[in-house]
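> Dumping the structure here so I can ask a few things about it.
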């Protein structure tokens, strides 16, 4: 049963950091989610939202219980191909919890200012600046205005 | 050892700005009942301070009635909406979620939607769901009130478009409508007080695709200021309409009707959750019992009660208000309270257009609407029709999580998938006319309760075959438009589950007391001093956002009370 009431251990953090790099890998010279050092922030965010913490712990638990990984010395000791396979196994077996884990990872990664800069996002909240749009121009209605009324009249 | 969760409202991460510290529950009460004179017996007791209740309060206070409103939520200070917070996207998924079950604020009641294809969305506050709406302001069509006569389905309304026309205009002025005349999809109407919201590069691009196909489109009517209006700022096109507007550019009734109503003498009691409308031995309403903020039961006496708690909250309250005179719930002799629940089913068809690069720039919605497929066409395999709203792209987090579609995939290919979507997506949201079916219901849940121990509403809703065919058609047509606009990839969601913004039909109006709950003036057939004025009274759903129509209906009902019900006045 997924739980929200256990601590995340140092071993978990090693596994988690590696998982983050697999979920969102490095791109060009930009680090992956693990390499960005998001593990601690992700862990803290999970304390705020219990549903997402359940997903996180369920995935970590599944990793620590994976027999194939244990035989090899744990998830961190696997090569990348087998690590990805292990994650896919969890995704298949625990789709809801894995989805919550992904949600938590994306929430952490895509609200990071360094990521915003990389993807060309303004990197600021929508307000107070907002954005500029070209002013309204009625000429765009030139074609639409040519159409005869087509609503149904009722008696 | 257990790690305690961070209490609501406290800083979870080093990246949260200081503003996040004061977001959500720390709401500044603008006006309290303590600062107002509360009548022992109100002429009119309004339950619910949302779109409809506000309109009625304003009109009746103007007409000299003593008005008291009980609202379970609170005043929200617009300065505290999350769009000023750098983590606004996270807050929007949790503390400010449209779904009360996910939001979980103490003011909310839970909803059991396990047996519903669509999740009802609502907000408990002064302003109700106008706090988090996108403020689309289209009107129903004349044909929407005559579906039985025209198409042989459902029932005709006891009122017509023409009956509502002056109230539509009145509401547009109060709420502040941006738009432009000449739309061939609807009847002629008065000028809007403000010009349309600009289309933007993306809106212009998609409009041109509609033009090339010869299909209808028109700038959205919008209760968002395109220029300063009545002391509220103009929109600065920040994007996320769904949270409330820090500039007050998006209209919500806490900013429009309520300040006027209170200036005219209406009394607002917040944190007041009604548990029961009380009745006398003759079955007429005498007021309401409610829980105050401390959880104590209070009573507000009144000569009449106007229920405006939305299409789910209203039947819930009526069903909770059982008495000897009303053993099946208040004004429920027809057995139709809670039946005929209608949503607007939404399809979401998103096109990725490489030629567009910043589709997150500008209001999420309120761009353009197409009503090419609004009216019944016998060549199609469904009756009635649907409309399209064009929606923009979203911020980075919502893009990654997919919105209405599958999230960006994890692992290899993640960045390519994200880059293909971000800034390049536009969406045609198909909004379909749902027809009333008695088996789609709001009832009282036997286990789930709110924080005061009151039964939560339970929703049973299935999508009809007619709606299914309609929605399939909307995806095909949207695909045609988006391909014409140059989309290289199209994603389609055939039914947006978290799309139950519009709650209708659960206390329908009509002339026959055996087939309806209220008459054309929104007055209950069973009891002459109970009125229902929200989306519950809708006979059919139309295929556009219902709020201007329900507000016009509420204003018309209030006009009736003002002119014909002097007996309710002290």
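The values are calculated or read from the model by the stated rules, or taken from the named source; none is laboratory data. The model shown is predicted, which means the values in this text are computed figures rather than measured ones. Don't worry about glycine lacking a Cβ; one is built from the backbone with ideal geometry, like all the others, and counts go over all protein chains shown.
> As an exercise: evaluate residue B:486 against (1) assigned to a loop (DSSP other than H, G, I, E, B); (2) touching a helix residue (DSSP H, G or I) at 6+ places or on another chain (Cβ under 7 Å) and give the number of the one condition it does not meet.
(2)
> Here is a further query. Looking at segment B:116-131 only, could you name the residues that are surrounded by 24 or more Cβ atoms within 10 Å (Cβ to Cβ), part of a loop (DSSP other than H, G, I, E, B) and in contact with a strand residue (DSSP E or B) (Cβ under 8 Å, 6 or more places away or on another chain)?
Matches in segment B:116-131: B:118, B:121, B:126.
> Right, something else. Within segment B:457-471, track down each residue that is in a helix (DSSP H, G or I) and free of Cβ contacts under 8 Å to residues at least 40 places away in the same chain.
B:465, B:468
> Could you identify the single residue in B:57, B:125, B:114 that is touching a helix residue (DSSP H, G or I) at 6+ places or on another chain (Cβ under 7 Å), away from chain A (no Cβ under 14 Å) and at pLDDT 95 or above?
B:57
> Tell me which residues, restricted to segment B:88-108, are in a loop (DSSP other than H, G, I, E, B), out of contact with any helix residue (DSSP H, G or I) (no Cβ under 7 Å at 6 or more places or on another chain) and in contact (Cβ under 8 Å) with a residue 12 or more places away in the chain.
Answer for segment B:88-108, where residues must be in a loop (DSSP other than H, G, I, E, B), out of contact with any helix residue (DSSP H, G or I) (no Cβ under 7 Å at 6 or more places or on another chain) and in contact (Cβ under 8 Å) with a residue 12 or more places away in the chain: B:99, B:105, B:106, B:107.
> Here is a further query. Condition first: assigned to a loop (DSSP other than H, G, I, E, B) and modelled with pLDDT of 95 or more. Now tell me which residues in segment A:1-36 satisfy that.
Correct list: A:24, A:25, A:26, A:31, A:32, A:33, A:34, A:35, A:36.
> Could I ask something else about it? Just one of B:188, B:184, B:196 is more than 30 Å from residue B:423 (Cβ to Cβ) and facing chain A (nearest Cβ under 8 Å); which is it?
Matching residue, one of B:188, B:184, B:196: B:184.
> How many residues does segment B:177-202 contain that are crowded, with 19+ Cβ neighbours inside 10 Å and either under 19 Å from residue A:152 (Cβ atoms) or over 24 Å from the mean Cα position of the chain (by Cα) (or both)?
Number of matching residues: 5.
> Can you confirm whether residue A:80 is modelled with pLDDT of 95 or more, more than 30 Å from residue B:82 (Cα to Cα) and either more than 7 Å from chain B (Cβ to nearest Cβ) or in contact with a strand residue (DSSP E or B) (Cβ under 9 Å, 6 or more places away or on another chain) (or both)?
no
> Out of the residues in segment B:159-176 meeting the condition of being more than 14 Å from chain A (Cβ to nearest Cβ) and in contact (Cβ under 8 Å) with a residue 40 or more places away in the chain, tell me which one is surrounded by the fewest Cβ atoms within 10 Å (Cβ to Cβ).
B:170
> Please go through segment B:217-251 and give me each residue that is assigned to a strand (DSSP E or B) and either within 30 Å of residue A:146 (Cβ to Cβ) or at pLDDT below 95 (or both), ordered by number.
Within segment B:217-251, B:218, B:219, B:222, B:224 qualify.
> With the requirement that a residue be within 19 Å of residue B:410 (Cβ to Cβ) and more than 7 Å from chain B (Cβ to nearest Cβ), what does segment A:20-36 give you?
A:20, A:21, A:26, A:28, A:30, A:31, A:32, A:33, A:34, A:35, A:36
This table checks each residue for (1) in contact with a helix residue (DSSP H, G or I) (Cβ under 6 Å, 6 or more places away or on another chain); (2) modelled with pLDDT of 95 or more; (3) more than 22 Å from residue B:551 (Cβ to Cβ).
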{"position": "B:253", "(1), (2), (3)": "yes, yes, no"}
{"position": "B:258", "(1), (2), (3)": "yes, yes, no"}
{"position": "B:264", "(1), (2), (3)": "yes, yes, no"}
{"position": "B:270", "(1), (2), (3)": "no, yes, no"}
{"position": "B:282", "(1), (2), (3)": "no, yes, yes"}
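> Counting only residues that are touching a residue at least 40 places away in the same chain (Cβ under 8 Å) and at the interface with chain B (Cβ under 9 Å from one of its Cβ atoms), which one in segment A:4-19 is surrounded by the fewest Cβ atoms within 10 Å (Cβ to Cβ)?
So, considering only residues that are touching a residue at least 40 places away in the same chain (Cβ under 8 Å) and at the interface with chain B (Cβ under 9 Å from one of its Cβ atoms), the one surrounded by the fewest Cβ atoms within 10 Å (Cβ to Cβ) is A:6.
> Taking segment B:207-229 as the region of interest, how many residues are over 21 Å from residue B:164 (Cβ atoms), buried (at least 16 other Cβ atoms within 10 Å of the Cβ) and away from every other protein chain (no Cβ under 11 Å)?
The qualifying residues number 4.
> Output the residues belonging to segment B:60-76 that are assigned to a strand (DSSP E or B) and touching a helix residue (DSSP H, G or I) at 6+ places or on another chain (Cβ under 9 Å).
The answer is B:67, B:68, B:69.
> Something else: Say whether the condition of being at pLDDT 95 or above, more than 8 Å from every other protein chain (Cβ to nearest Cβ) and under 28 Å from residue B:105 (Cβ atoms) is met by at least one residue in segment A:127-143.
Checking segment A:127-143: not a single residue is at pLDDT 95 or above, more than 8 Å from every other protein chain (Cβ to nearest Cβ) and under 28 Å from residue B:105 (Cβ atoms).
> Can you spot a residue in segment B:306-316 that is in contact with a helix residue (DSSP H, G or I) (Cβ under 6 Å, 6 or more places away or on another chain), surrounded by 15 or more Cβ atoms within 10 Å (Cβ to Cβ) and part of a loop (DSSP other than H, G, I, E, B)?
Checked segment B:306-316: at least one residue is in contact with a helix residue (DSSP H, G or I) (Cβ under 6 Å, 6 or more places away or on another chain), surrounded by 15 or more Cβ atoms within 10 Å (Cβ to Cβ) and part of a loop (DSSP other than H, G, I, E, B).
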